[in-house]
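The values are calculated or read from the model by the stated rules, or taken from the named source; none is laboratory data. Since the model is a prediction, treat every value here as computed from it, not as a measurement. Every residue, glycine as well, gets a Cβ built from its backbone with ideal geometry; the counts of neighbours run over all protein chains shown.
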Amino acid sequence: MKTFALSAELRETNKIANRALRHQGKVPCVLYGGEKQVYFSAKENDLNKLVNTPDVYLVHLEVGGEKIQAILQDIQFHPITDNILHIDFLQVFDDKEITVSIPVNFIGTPIGVRNGGNLLVRKRAIKTRALAVNLPDAINIDIEHLKIGILIHWRHS
């Protein structure tokens, strides 16, 4: 799994402080999953590199001198400006499984498309549960051999 380093600062937990942070170009964030919740803020420009990509990253947070591994759990956007309003992170432990959506990459141009058909993709990501160290960056599927009318089904067990 790809990694992303993010430095952050501890923050207060009230509406006035959050509004002031947003005016400074920072985003209020919360880290869940550990012994206690950690409230922090990070620069919006740094977070855009993490948010505006289909890839899944293991985030190495540095908050108040402490280093924590986490994944992006939830994002809230402003409905008009699309600015990031708030982000939730989930702390990752070496011995606990996590559930994330892994992107699917389709490799090649199918024979059916070259013969005039259309490729219909219903899922661009697959929800996967595993230890963080065992999660792949993406799932690659070779579709070069697909003819018109042929389907690929993915079942979970």
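Here are the numbers for the structure shown:
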{"read-out": "Condition check for Thr81: at pLDDT below 95, under 30 Å from His153 (Cβ atoms) and not in a strand (DSSP E or B)", "value": "no"}
{"read-out": "Check on Arg124, basic (Lys, Arg) and touching a residue at least 12 places away in the same chain (Cβ under 8 Å)", "value": "yes"}
{"read-out": "Some residue of the range 43-61 being under 30 Å from Arg122 (Cα atoms), touching an Asp or Glu at 6+ places or on another chain (Cβ under 7 Å) and polar (S, T, N, Q)", "value": "no"}
{"read-out": "Boolean, Ile102 is touching a Pro at 6+ places or on another chain (Cβ under 9 Å), in a strand (DSSP E or B) and closer than 30 Å to Ala5 by Cβ", "value": "yes"}
{"read-out": "Residues that are part of a loop (DSSP other than H, G, I, E, B), aliphatic (A, V, I, L, M), over 13 Å from Ile102 (Cα atoms) and in contact (Cβ under 8 Å) with a residue 12 or more places away in the chain, drawn from the range 132-157", "value": "Ile143, Leu146, Ile148, Ile150"}
{"read-out": "Tally of residues being touching a residue at least 24 places away in the same chain (Cβ under 8 Å) and of a type in the set (D, E, K, R) across the range 25-56", "value": "4"}
{"read-out": "Hits in the range 18-63 - residues which are out of contact with any strand residue (DSSP E or B) (no Cβ under 7 Å at 6 or more places or on another chain), part of a loop (DSSP other than H, G, I, E, B) and not acidic (Asp, Glu)", "value": "Gln24, Lys36, Asn52, Thr53"}
{"read-out": "Which numbered condition Leu6 fails, given (1) under 22 Å from Thr99 (Cβ atoms); (2) in a loop (DSSP other than H, G, I, E, B)", "value": "(2)"}
{"read-out": "Identity of the residue in the range 9-47, farther than 30 Å from Glu97 by Cα and aliphatic (A, V, I, L, M), that ends up surrounded by the most Cβ atoms within 10 Å (Cβ to Cβ)", "value": "Leu21"}
